[in-house]
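The values are calculated or read from the model by the stated rules, or taken from the named source; none is laboratory data. Please read all numbers here as calculations on a predicted model, not as lab measurements. Cβ atoms come from the backbone with ideal geometry, glycine included; neighbour counts cover every protein chain shown. Heads up: the accessible areas ignore ligands, DNA and RNA and are worked out on the full protein's heavy atoms, side chains in. Shrake-Rupley method; radii C 1.70, N 1.55, O 1.52, S 1.80 Å.
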Amino acid sequence: MDELLNYINGEWRPAASGATTENRSPADHDDLVGRFAASDREDANAAIGAATDAFPAWRFTSALTRANILHKAANILEGRIQDIGRELTREEGKTLKEGIGETTRAVQILRYYAGEAQQPSGEHYPSMSPTTLLYTLREPLGPIAVITPWNFPIAIPAWKIAPALAFGNTVVFKPASLTPMCAVRFVEALADAGLPAGVVNLVTGSSSKVAEPLTNDPRIVAITFTGSNEVGAALRKTAAARGAKLQLELGGKNPAIVLADADVDHALLHVVNGAMMSAGQKCTATSRAIVDRRLADEFTQKLADRIKSLKVGDPLHPETQIGPVIDEGAAKRLVAEVSAAASGGAKVVAGGDRVSNGDLGRGHFVAPTLLADVAPDSRMGQEEMFGPVLGVIPVDDVDEAISVANSVRFGLSASLFTRDLGKALSFVQAIQAGVVHVNSETAGAEPQVPFGGMKGSSSFSREQGKSAREFFTQVKTVYIDPPPAQ
Ligand code: NAP
């Protein structure tokens, strides 16, 4: 088994201490995915130094040069989709189809930002003085810390790093400890595309060793983070204390509202997919099915039938629909959450336990789970579960449905299933969510449009699409007057 290295100042190198850490598949603890650099402060410092030194030259490369490198990286990654998709599945546990799909998404994102690098940047304004040329420029920020979660181990790095580079910033990338392989593969594509030394630096290893030196260093001008609300809250303090620019993309408790007039089969398909694909480990996963009481019993029964029929198993097997959850801690936590919800009055109508028959005993599998009669103000009704667990909340009408949907601290994504255009338009206006769907699942994000949440789900910023320019650049306003006539 090869050792996978850090990438600092254009070189693949081990951690300065020589320490490594093992990464095993969540589907099978006997499957060693790789050994990775277990970095610490010294590695973080070296990476920050390299990103700082590389910035002055990189910021003044032409947009066309940056675009060409991103295009080339996209082509390189595209040629490796099958292999990387498979590695993603081994490392993270989503199904092979999803692993390949996510890698394909990373290619699309690189291409999108190769194009975006060449779009107009800044605006021209009329001045009070007719001879003044008055305009704005969008300039890069400097070295940026990119900190990513394990659940989209190649797409999220792509949608942060590609715009950071496209707009002239340099990067120190710290991926989740649980998914360093995809991070290495993404950076390899950039390195192989000819990115100059120091422009992207990768430091793998535990946040307990790397996070503080990375986020507290004054040379790091901005931090873009996707992950849990708890870590996001800590980063707010760190960034505020030293005046760093901060972007947070955090958790969700996403509702799918099903009204009495909905097409039941269509809603079932989208609610089940939204809740259960990627074993429910998407920030946009459907976590609450808020269903009109007149339909609730029938809908719950049909949901239970579909959820029980989902095939749980080895994510590399083509027939598997639900792979493992990310680790043993997550599996134990989910079973405990379901059991606590049942003690509190919710009814477990599908799943609720581990799946450990045969080879699955070597992984962290949780049965797709459906709870009926979930109280909106209970923990199951309020908190992110981040696993294949869906709760049904019956309501009297669309107004109560929207009020329940909005009664959580999160506001990432939301869906409504109805044939009534008026109700759909009211929902779009009233729902507190950054991404809103009518008659489709809560999960899913196209790369050309803004993505992010309201309330506790983000820091009011948006990623992807043209919005990325907002975070990864700063505005300079320029007044140019002609010199006085001689
Ligand atoms: P996490 O525990 O917060 O970790 C995310 C990243 O932060 C990892 O790289 C982690 O490194 C690092 N980290 C941990 N403690 C840190 C600290 N004190 N300072 C700086 N970095 C630190 O989250 P996760 O379990 O990986 O991801 C799941 C969460 O992400 C869920 O809440 C999910 O909803 C959210 N998410 C949100 C979006 C979105 O776009 N809104 C998308 C995907 C996921 P280590 O791995 O080394 O600890």
Considering only residues that are open to solvent by 60 Å² or more (accessible area, probe 1.4 Å) and of a type outside the set (Phe, Trp, Tyr), which ones fall in segment 463-481?
LYS466, GLU470, GLN474, VAL475, LYS476, THR477, ILE480, ASP481
For segment 20-45, give me each residue that is in contact (Cβ under 8 Å) with a residue 60 or more places away in the chain and over 30 Å from LEU360 (Cβ atoms).
ALA37, SER39, ASP40, ARG41, ASP43, ALA44, ASN45
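Which of the residues belonging to segment 236-284 are at positive phi and surrounded by fewer than 20 Cβ atoms within 10 Å (Cβ to Cβ)?
If the condition is that a residue be at positive phi and surrounded by fewer than 20 Cβ atoms within 10 Å (Cβ to Cβ), then GLY243 is the only one that fits.
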Among residues belonging to segment 355-392 that are of a type in the set (Val, Ile, Thr) and surrounded by 24 or more Cβ atoms within 10 Å (Cβ to Cβ), point out the one that is nearest to GLY313 (Cα to Cα).
VAL366
Within segment 177-216, can you find the residues that are among the polar types (S, T, N, Q) and near the ligand (Cβ under 10 Å from one of its atoms)?
SER177, THR179, THR204, SER206, SER207, SER208, THR215, ASN216
Taking PHE386 as the residue in question, decide whether it is under 30 Å from ALA336 (Cα atoms) and under 25 Å from the mean Cα position of the chain (by Cα).
yes
Filter result for ALA346 (at pLDDT 95 or above, within 20 Å of GLU384 (Cβ to Cβ), in contact with a helix residue (DSSP H, G or I) (Cβ under 9 Å, 6 or more places away or on another chain) and open to solvent by 40 Å² or more (accessible area, probe 1.4 Å)):
no
Looking only at segment 435-448, decide whether some residue is surrounded by fewer than 16 Cβ atoms within 10 Å (Cβ to Cβ), of a type outside the set (Asp, Glu) and farther than 18 Å from THR284 by Cβ.
no
Taking PHE410, is it outside any loop (DSSP other than H, G, I, E, B) and either touching a residue at least 60 places away in the same chain (Cβ under 8 Å) or aliphatic (A, V, I, L, M) (or both)?
no
Report every pair of residues separated by at least 6 positions or lying on different chains whose Cβ atoms are under 7 Å apart, first residue within segment 223-240 and more than 10 Å from the ligand (Cβ to nearest atom), second at pLDDT 95 or above and β-branched (Val, Ile, Thr).
THR224/ILE144; THR224/VAL146; ALA239/ILE223
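Counting only residues that are among the hydrophobic types (A, V, I, L, M, F, W, C) and under 30 Å from PHE55 (Cβ atoms), give me the strands (runs of 3 or more DSSP E) lying completely in segment 211-302 with at least 1 of them.
Answer list for segment 211-302: 222-226, 245-249.
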With the checklist (1) without any contact (Cβ under 8 Å) to a residue 24 or more places away in the chain; (2) closer than 21 Å to ASN151 by Cα; (3) not in a loop (DSSP other than H, G, I, E, B) in hand, flag the one item VAL449 doesn't pass.
(3)
Away from the ligand (no atom under 16 Å from the Cβ), of a type in the set (Gly, Ala, Ser) and within 28 Å of the chain's Cα centre (by Cα), is that true of GLY411?
no
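For segment 65-77, which positions are within 11 Å of VAL107 (Cβ to Cβ) and buried (at least 17 other Cβ atoms within 10 Å of the Cβ)?
Correct list: LEU70, HIS71, ALA73, ALA74, ILE76, LEU77.
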